[in-house]
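To keep things clear, I will list the structure first and then write my remarks on it.
The values are calculated or read from the model by the stated rules, or taken from the named source; none is laboratory data. The model shown is predicted, which means the values in this text are computed figures rather than measured ones. We place every Cβ from the backbone using ideal geometry, glycine too, and count neighbours over all the protein chains shown.
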Amino acid sequence: MTKPNARLLFIPVSGPMGMGEYARSVAIATAMVQRSPGVEVHFALSRAAPYAAATPFATTLLPSSPTFHPREVSALIREFRPRVVVFDNAGRTQQLRAAHEAGARVVFVSSRRRQRRKAFRLRWLPLLDEHWIAYPEFIAGSLTPLERLKLRLAGGPRIRYVDTLLPLADAALATDTLARLGLKSRGYVLVVPGGGSAHPGAENAPGTVAAAARAIAAHGYPTVLVGTSAGDANDPQPLQRVPLLPLAQLCELIRGARLVICNGGDTLLQVLACGRPCVAVPIAHDQAHRIDSCARAGLALPAPLDSQAIESAARRLLESGTGPAATVHPGEARVRNCLEEVLSALSALAS
């Protein structure tokens, strides 16, 4: 059991673009506090991150991503004296050593090949208690012979594939969320372009996906577009725009959707963990591989970042009534919700 006064420090990559690491850390921290209300949580973030000022936990703001500030992060670790430090795609050797010397247990999360290679460096392995690979094994790849050899030589750390993280189903919240929007379960298309900043080469991604949502709604399909509440004169009547939602509400909308259109980031994996049919659109350079892996597994239908192509792919699934993940049940999903596993691991580390 987690000590009632345990301190957890989250150090995700952060900056003006993207928010996947931060969103993952907040989801874990929120669930940990709900499970153990006495846990004290602190974040280290770039002050340039658009979400930094609204973080619901105590925060130390840095001029840029924490990786670039080893002295300041090391000082924070010595001052805060956390029981567990979670580095999400962030961190340098000096920072890991500071955590180790302060008596903290160390978790490193990797979602990119470069960060995964860093975590398997021989000088890092003794500093880590757990290494979480933040994708399903069929996307991230199994451990290589060299990685297995290094683990045997170093005697650890524990490796976990963390497919995705989402709150458990909440029937009351689902009923309330659908009622407020006037929706019926399995009666609407959910469109989630993404909540982060624009990525190079895809600056107009939200507008492109919104155009596809308007076109789908124009064919009479009730459609919910997440990420903006500002209406448009061209919006057809079946289209609803809603602002960014708390993860728990968004997940209930995903579970109730007939079809979900999303980017190739964390939302894609959340949709697949819920077993919903999905059209996936890459809006960042690292998302194409992820989408291709899911498409090859028969879990998602890919579409390029083009409004007509997105509309065409969505209508193909809607009109056929079959397609990727259309017959997947929660117990059969290839993508697992690992929230409980992660919370149990942190509780054990913090005990």
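Data for the structure
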| read-out | value |
| --- | --- |
| Selection count where residues are in contact with a helix residue (DSSP H, G or I) (Cβ under 7 Å, 6 or more places away or on another chain) and assigned to a loop (DSSP other than H, G, I, E, B), scope the stretch 259-294 | 8 |
| Members of the stretch 292-351 found to be surrounded by fewer than 18 Cβ atoms within 10 Å (Cβ to Cβ), of a type in the set (A, V, I, L, M, F, W, C) and modelled with pLDDT of 95 or more, listed by number | A309, A348 |
| Meets criteria (hydrophobic (A, V, I, L, M, F, W, C), out of contact with any Pro (no Cβ under 6 Å at 6 or more places or on another chain), modelled with pLDDT of 95 or more and farther than 16 Å from V279 by Cβ) for L183 | yes |
| When residues of the stretch 186-214 are limited to those that are of a type in the set (A, V, I, L, M) and over 20 Å from C274 (Cβ atoms), the one modelled with the lowest pLDDT | A198 |
| Some residue of the stretch 23-31 being hydroxyl-bearing (S, T, Y) and in a helix (DSSP H, G or I) | yes |
| Members of the stretch 139-165 that are in contact (Cβ under 8 Å) with a residue 24 or more places away in the chain, in a loop (DSSP other than H, G, I, E, B), under 22 Å from H289 (Cα atoms) and not β-branched (V, I, T) | D163, L165 |
| Residue match in the stretch 228-236 (condition: hydroxyl-bearing (S, T, Y), touching a residue at least 12 places away in the same chain (Cβ under 8 Å) and closer than 22 Å to G207 by Cβ) | yes |
| Odd one out for G141 among (1) modelled with pLDDT of 95 or more; (2) over 24 Å from M32 (Cα atoms) | (1) |
| Whichever residue in the stretch 68-121 is polar (S, T, N, Q) and buried (at least 19 other Cβ atoms within 10 Å of the Cβ) and, among such residues, is farthest from T144 (Cα to Cα) | S74 |
| Matching residues, the stretch 157-180, being surrounded by fewer than 16 Cβ atoms within 10 Å (Cβ to Cβ) and either modelled with pLDDT under 95 or of a type in the set (K, R) (or both) | R158, L168, A169, D170, R180 |
| Residue check, R7 farther than 17 Å from G265 by Cα and either touching a Pro at 6+ places or on another chain (Cβ under 9 Å) or not assigned by TED's automatic domain parsing to the domain that holds E72 (or both) | yes |
| Residue pairs meeting the criteria (Cβ under 7 Å; at least 6 apart or on separate chains; first under 19 Å from L165 (Cβ atoms), in the stretch 102-121; second of a type in the set (D, E, K, R) and crowded, with 23+ Cβ neighbours inside 10 Å) | V109/D88 |
| First in the stretch 255-270 and outside the structural domain of Y188 (by TED's automatic domain parsing) and touching a residue at least 60 places away in the same chain (Cβ under 8 Å), second anywhere and buried (at least 24 other Cβ atoms within 10 Å of the Cβ) and part of a strand (DSSP E or B), Cβ under 6 Å, 6 or more apart | none |
| Subset of the stretch 231-258 (residues that are under 15 Å from A179 (Cα atoms) and part of a loop (DSSP other than H, G, I, E, B)) | A257 |
| A217 being small (G, A, S), at pLDDT below 95 and either closer than 24 Å to A300 by Cβ or out of contact with any His (no Cβ under 8 Å at 6 or more places or on another chain) (or both) | no |
| Test set (1) without any contact (Cβ under 8 Å) to a residue 40 or more places away in the chain; (2) over 21 Å from C338 (Cβ atoms); (3) among the small types (G, A, S) - A29 fails condition number | (2) |
| In the stretch 213-230, residue surrounded by the fewest Cβ atoms within 10 Å (Cβ to Cβ) [restricted to those that are part of a loop (DSSP other than H, G, I, E, B) and polar (S, T, N, Q)] | S229 |
